[in-house]
Amino acid sequence: MPKVDALPWQPYPILSDAERIARATAFSETMKSRRSCRAFSEEPVPREVIEAGLTAAGSAPSGANRQPWHFAVVSSTEAKCAIRIAVEEEERAFYDGRAGSEWLDALWPLGTGADKPYLEMAPWLIVVFAQRRGGTDPDDLKQNYYVTESVGLACGLLLAALHQAGVATLVHTANPMRFLNRVCRRPDHEKPVMVIVAGYPGADASIPAHALEKKSLEQIATWL
């Protein structure tokens with residue numbers, strides 16, 4: 001391996017096996033209560049909570065440490081309204097037949113539809129962009145690697161951090177979403193990946209029974 005500048009490994013806390021198991025189990029139990037929310041309150045969420053979540057997201061591993069993500073945080077009424085109008089236009093085409101019957105059948109138990117009032121109701125919309133080019137230097141436009149995987153890891157950490165803070169979230173992945181570059185003033189070499197809606201659940205929030213159906217550990221893991 002080539003010799004590179006490096007710092008000593010920062011040691012983790014010294015824990016017993018029982019303590020490690022307890023920590024992992026507690027985190028697992030917390031995350032098992034995470035649900036997608038489709039009815040949000042207008043109650044404000046402190047900006048510091050969102051900043052802490054984004055800092056956690058920024059700690060995710062990435063291909064060649066290129067950190068190929070950008071998070072455009074939207075709170076203005078005008079921008080949220082513009083996003084809702086554009087999203088609902090695409091969603092109407094989706095639900096009117098572009099999706100196909102099999103996809104719509106899969107969504108039916110969740111009760112989703114083209115109307116997305118929460119895009120204006122929730123205090124925060126976090127628009128996630130994948131950067132095909134650019135590194136830690138703002139002027140760097142070299143190619144990035146494993147962009148999709150890296151951005152997915154960052155978004156997972158963001159969702160986990162917000163859930164830990166008691167903030168409800170919803171991931172919206174309409175396609176196409178290029179209008180988000182214009183609304184969020186992002187360059188063309190960045191691809192909008194998803195909108196993460198963040199806020200407190202509204203009084204009418206509910207959880208579809210279908211959303212409680214989770215695969216067992218035996219279904220999602222094999223031990224070799």
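The values are calculated or read from the model by the stated rules, or taken from the named source; none is laboratory data. This is a predicted model, so every value here is computed, not measured. Neighbour counts are summed over all protein chains in view; Cβ atoms, including those assigned to glycine, are modelled from backbone coordinates with ideal geometry. Calculation scope for accessible area: heavy atoms of the full protein, side chains included, ligands and nucleic acids excluded. Shrake-Rupley method; radii C 1.70, N 1.55, O 1.52, S 1.80 Å.
Here are a few things to note about the model shown:
- Residue 153 falls short on exactly one of the conditions (1) outside any loop (DSSP other than H, G, I, E, B); (2) free of Cβ contacts under 8 Å to residues at least 40 places away in the same chain, and that condition is (2).
- Applying the criterion of being among the aliphatic types (A, V, I, L, M) and touching a Phe, Trp or Tyr at 6+ places or on another chain (Cβ under 7 Å) to the residues of region 171-202, the residue that is farthest from residue 130 (Cα to Cα) is 198.
- Some residue of region 180-198 being closer than 23 Å to residue 89 by Cβ and in contact with an Asp or Glu (Cβ under 8 Å, 6 or more places away or on another chain): yes
- Condition check for residue 62: surrounded by 12 or more Cβ atoms within 10 Å (Cβ to Cβ), among the hydroxyl-bearing types (Ser, Thr, Tyr) and closer than 26 Å to residue 149 by Cβ: yes
- Any hit, region 72-93, residues being in contact with a Gly (Cβ under 9 Å, 6 or more places away or on another chain) and open to solvent by 40 Å² or more (accessible area, probe 1.4 Å): no
- Taken together, the criteria exclude residue 125 from residues that are modelled with pLDDT of 95 or more, surrounded by 15 or more Cβ atoms within 10 Å (Cβ to Cβ) and assigned to a helix (DSSP H, G or I).
- Flag for residue 221 being on the phi < 0 side of the Ramachandran plot, open to solvent by 70 Å² or more (accessible area, probe 1.4 Å) and more than 20 Å from the chain's Cα centre (by Cα): no
- Whenever a residue of region 75-87 is under 9 Å from residue 125 (Cβ atoms), its partners that are in a helix (DSSP H, G or I) and among the basic types (Lys, Arg), lying with C-beta atoms within less than 9 angstrom and at least six residues away or across chains, give the pairs 75/47.
- Within region 1-18, residues that are farther than 26 Å from residue 64 by Cβ reach partners that are among the acidic types (Asp, Glu) with beta carbons closer than 9 Å, at six or more positions or on different chains, in the pairs 13/19.
- Pair list, Cβ under 6 Å, 6 or more apart: region 156-176 residue under 28 Å from residue 85 (Cα atoms), other residue open to solvent by 40 Å² or more (accessible area, probe 1.4 Å) and of a type in the set (S, T, N, Q): 170/36
- Within region 130-173, tally of residues that are more than 30 Å from residue 39 (Cα to Cα) and surrounded by 20 or more Cβ atoms within 10 Å (Cβ to Cβ): 4
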